[in-house]
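Everything below concerns the one structure shown next.
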């Protein structure tokens, strides 16, 4: 006889963990992750070695809190694993959103969670504590906004470049990479478009692209004029903007006739697709002698296609022909065509130099996009808007990272992308005094709120927040080999004035004037993530484990 087959439900019976084991397990997991990330905070980090899954590969040596957290995928103790994975998720999302701030968020979160457990175990109410922590968060964000200074890179170009390089180095601790990023952002500005590629050489290099380019190339290699560069150019072309499919050769004939009627000797055609028969008409020698046509694909990379078409139309003064509005190529008129000083096209991209749209209308359009950028809270939409503004403002660069090995080049690429995100946010959101001073300066307000509080949970929340905001400062000093207690006493009255310690010299200095700064957006996001996540975990009373089903049931 066959033994009865177990129901799959038998393997889904949960294991329920209650207090105090819940807090004990969560804290154990949090402590393990904190111990790996806390030493990386500051300009003199202690690195963390991550063993490779392959015996033939060398270990990774890391100082990025988000990346370190990402590499830790499971702890043996299941209760501890829940706490560790909760913190891991918070840190990785923070790094994706802000590019930095993970070590700062880690030490704030740990301090709040640790002191919060003590308060709750002593009789405090976890839900009320969470509410007061969130109220304190609003006060902290207001105080950070008060201290925020917009980047001012006026003056000599060399000085401006040095300040940008200094900001980059405070994040990357890579002088060579920081020097290149300082130069690039000095040229392309806050909204400039930067593409980072992993190179194959030892040294870092960069190149700049004139005009505004889109990642959509020519429809056919037969249009390439310069075989060596793989590029074609048109001087003073007219531009037909569309997302239509050009299948009928009669449509191509009409396009060429309209171009000639408008007085064009060259024409850029932006179309979703083109049939071979239609293309052959444009490439006929007799037709190219009258009007030279280059056809490129309709760009898609910067978000919704209709938005890209609108951007090109505003830049060149044309009217886009769109599927959504039932346009056809047969309805094309000379006044629908845009104009530019020059276009350049390759198989991977095309660029427009000197778009001849209405300058006043174009500036107004850029202002509208910038206002929309300031209002949006959704990360994906924010990135799309920033990319579009960067394209239209014309600053584009490519950074090719270098290194001794391909792995080093790839690591530098990831680092450069992270630093670039932080610099762009600093341009848009401003900067704060660095070295933990901006957070330390908020302590007096929190202590004042604690004195005014009548509720024990409220008093505890403000005391916890005051302690937590001091922790990044203390860890920075400890990691650099200083005595936090001794220095803290001499800085208490000066922190609100922006004075702190230069960890490289050991001297008290004005942080902004010394160029020791933190991007405001990064610090705000770190504080928001740490306090919100700590409040959530403090109100977690139960852990539920589900048994893993046998391998044959994992389908």
Residue 369 being touching a helix residue (DSSP H, G or I) at 6+ places or on another chain (Cβ under 7 Å) and without any contact (Cβ under 8 Å) to a residue 40 or more places away in the chain: yes
Qualifying residues in segment 305-336 (those that are touching a helix residue (DSSP H, G or I) at 6+ places or on another chain (Cβ under 8 Å) and exposed (fewer than 13 other Cβ atoms within 10 Å of the Cβ)) - the one farthest from residue 223 (Cα to Cα): 324
Before we move on, is residue 491 at pLDDT 90 or above and farther than 22 Å from residue 122 by Cα? no
Please tell me if residue 410 is surrounded by fewer than 19 Cβ atoms within 10 Å (Cβ to Cβ), closer than 24 Å to residue 386 by Cβ and either assigned by TED's automatic domain parsing to the domain that holds residue 118 or in contact (Cβ under 8 Å) with a residue 12 or more places away in the chain (or both). no
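So that you can scan it fast, the table gives a plain yes or no per residue for (1) in the same structural domain as residue 292 (by TED's automatic domain parsing); (2) surrounded by fewer than 18 Cβ atoms within 10 Å (Cβ to Cβ); (3) in contact with a strand residue (DSSP E or B) (Cβ under 8 Å, 6 or more places away or on another chain); (4) without any contact (Cβ under 8 Å) to a residue 60 or more places away in the chain:
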| site | (1), (2), (3), (4) |
| --- | --- |
| 178 | no, no, no, no |
| 184 | no, no, yes, no |
| 189 | no, yes, no, no |
| 222 | yes, yes, no, no |
| 226 | yes, yes, yes, yes |
| 238 | yes, no, yes, no |
| 242 | yes, no, yes, no |
Kindly indicate whether residue 80 is surrounded by 24 or more Cβ atoms within 10 Å (Cβ to Cβ), assigned by TED's automatic domain parsing to the domain that holds residue 525 and in contact with a helix residue (DSSP H, G or I) (Cβ under 6 Å, 6 or more places away or on another chain). no
If a residue must be under 16 Å from residue 338 (Cβ atoms), crowded, with 16+ Cβ neighbours inside 10 Å and either free of Cβ contacts under 8 Å to residues at least 40 places away in the same chain or not assigned by TED's automatic domain parsing to the domain that holds residue 306 (or both), how many such residues does segment 245-266 contain? 1
Restricting segment 508-531 to residues that are at pLDDT below 90 and out of contact with any strand residue (DSSP E or B) (no Cβ under 7 Å at 6 or more places or on another chain), the one farthest from residue 39 (Cα to Cα) turns out to be 513
On the basis of being touching a helix residue (DSSP H, G or I) at 6+ places or on another chain (Cβ under 6 Å), surrounded by fewer than 19 Cβ atoms within 10 Å (Cβ to Cβ) and farther than 24 Å from residue 444 by Cα, does residue 198 make the cut? yes
Checking the conditions here, which among 416, 313, 340 is in contact with a strand residue (DSSP E or B) (Cβ under 6 Å, 6 or more places away or on another chain) and assigned to a strand (DSSP E or B)? 340
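Residue-wise test of (1) within 23 Å of the chain's Cα centre (by Cα); (2) closer than 16 Å to residue 537 by Cα; (3) modelled with pLDDT of 95 or more.
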| site | (1), (2), (3) |
| --- | --- |
| 77 | no, no, no |
| 90 | yes, yes, yes |
| 119 | no, yes, yes |
| 126 | no, yes, yes |
| 135 | no, no, yes |
| 152 | yes, no, no |
| 163 | yes, no, no |
Residues that are in contact with a helix residue (DSSP H, G or I) (Cβ under 9 Å, 6 or more places away or on another chain), over 23 Å from residue 544 (Cβ atoms) and either in contact (Cβ under 8 Å) with a residue 24 or more places away in the chain or surrounded by fewer than 24 Cβ atoms within 10 Å (Cβ to Cβ) (or both): does segment 84-91 have at least one? yes
Only helices (runs of 4 or more DSSP H) wholly contained in segment 435-498 count here; list those with 1 or more residues that are surrounded by 24 or more Cβ atoms within 10 Å (Cβ to Cβ) and in contact with a helix residue (DSSP H, G or I) (Cβ under 9 Å, 6 or more places away or on another chain). 437-440, 456-479
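The values are calculated or read from the model by the stated rules, or taken from the named source; none is laboratory data. This structure is a prediction, so every number in the text was calculated from the model and none was measured. With ideal geometry, Cβ positions are generated from the backbone for all residues, glycine too; neighbour counts draw on all protein chains shown.
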